[in-house]
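The values are calculated or read from the model by the stated rules, or taken from the named source; none is laboratory data. Here the structure is a predicted model, which means the values were calculated and not measured. Cβ atoms come from the backbone with ideal geometry, glycine included; neighbour counts cover every protein chain shown.
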Amino acid sequence: MKLQKIFLATCCLILAAIIFEAYYTYFILWSKNPNTLDAFSIDYAWAGKGLDDLPKTLPKYVIVEAQGVDVRGLPMPTQTVMFLTDTFTPEKQVAKNIHYVLPQDVSKIPTGAYIVYIK
């Protein structure tokens with residue numbers, strides 16, 4: 001019985017140490033590191049937030065120059081902007097007036113449209 005309590009206490013201590021280490025690394029060390037923003041592609045998040053704040057009547061074009069695995073004809077980094085603006089489906093893209101284009105299609109962008117680059 002005594003051995004069982006020692007084992008349980010040891011497991012709890014190890015679990016607490018793992019939780020503390022993860023918290024400390026993620027919220028204390030990484031939060032102060034200037035490289036963290038780039039590692040998590042904060043520029044894509046800012047682009048998505050900026051697009052979402054614009055009026056729906058304004059045509060918005062996202063020129064995707066970033067490289068990545070193809071997802072429905074667009075590189076993977078586009079997914080961040082699509083998630084934050086809720087424009088993954090073609091129907092939602094039309095509803096929010098957000099268009100995703102590759103560099104070879106830039107000539108199709110109408111004059112007066114708001115343009116964002118994903119690099």
Over the stretch 93-119, the set of residues hydrophobic (A, V, I, L, M, F, W, C) and surrounded by 16 or more Cβ atoms within 10 Å (Cβ to Cβ) is ILE98, VAL101, VAL116, ILE118
Scan the stretch 53-69 and tell me whether some residue there is within 14 Å of the chain's Cα centre (by Cα) and surrounded by fewer than 13 Cβ atoms within 10 Å (Cβ to Cβ).
no
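Taking the stretch 101-119 only, how many residues are in contact (Cβ under 8 Å) with a residue 12 or more places away in the chain, over 17 Å from TRP46 (Cβ atoms), outside any loop (DSSP other than H, G, I, E, B) and not β-branched (Val, Ile, Thr)? Explain how you work it out, then say what you get.
Pass one, the stretch 101-119, residues in contact (Cβ under 8 Å) with a residue 12 or more places away in the chain: 101-103, 106, 109-110, 112-119.
With over 17 Å from TRP46 (Cβ atoms) added as a condition, the list becomes 101-103, 106, 109-110, 112-113.
Applying the additional criterion that residues be outside any loop (DSSP other than H, G, I, E, B) yields 101, 103, 106.
The next check asks that each one be not β-branched (Val, Ile, Thr); those that pass are 103.
Residues meeting the conditions: 1.
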Which of the residues spanning the stretch 22-44 are surrounded by 11 or more Cβ atoms within 10 Å (Cβ to Cβ), of a type in the set (Ser, Thr, Tyr) and at pLDDT 85 or above?
TYR24, THR25, TYR26, TYR44
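Yes/no matrix, rows are residues, columns are (1) under 19 Å from LEU102 (Cβ atoms); (2) assigned to a loop (DSSP other than H, G, I, E, B); (3) touching a strand residue (DSSP E or B) at 6+ places or on another chain (Cβ under 6 Å); (4) free of Cβ contacts under 8 Å to residues at least 24 places away in the same chain:
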| site | (1), (2), (3), (4) |
| --- | --- |
| LEU29 | no, no, no, yes |
| THR36 | no, no, no, yes |
| TRP46 | no, no, no, yes |
| LYS49 | no, no, no, no |
| PRO55 | no, yes, no, yes |
| TYR61 | yes, no, yes, no |
| GLY68 | yes, yes, yes, yes |
| THR80 | yes, no, no, no |
| GLU91 | no, no, no, yes |
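Assess whether ALA47 counts as being within 13 Å of the chain's Cα centre (by Cα), small (Gly, Ala, Ser) and at pLDDT 90 or above.
Considered against the rule, which asks whether it is within 13 Å of the chain's Cα centre (by Cα), small (Gly, Ala, Ser) and at pLDDT 90 or above, ALA47 comes out as yes.
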Filter the stretch 71-92 down to residues that are polar (S, T, N, Q) and surrounded by fewer than 18 Cβ atoms within 10 Å (Cβ to Cβ) and give me whichever is farthest from ASP43 (Cα to Cα).
THR89
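For (1) under 24 Å from ALA113 (Cβ atoms); (2) in the same structural domain as GLY112 (by TED's automatic domain parsing); (3) of a type in the set (A, V, I, L, M), each residue gets a yes or a no:
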position: PHE7; (1), (2), (3): no, no, no
position: GLU21; (1), (2), (3): no, no, no
position: VAL71; (1), (2), (3): yes, yes, yes
position: PRO75; (1), (2), (3): yes, yes, no
position: THR87; (1), (2), (3): yes, yes, no
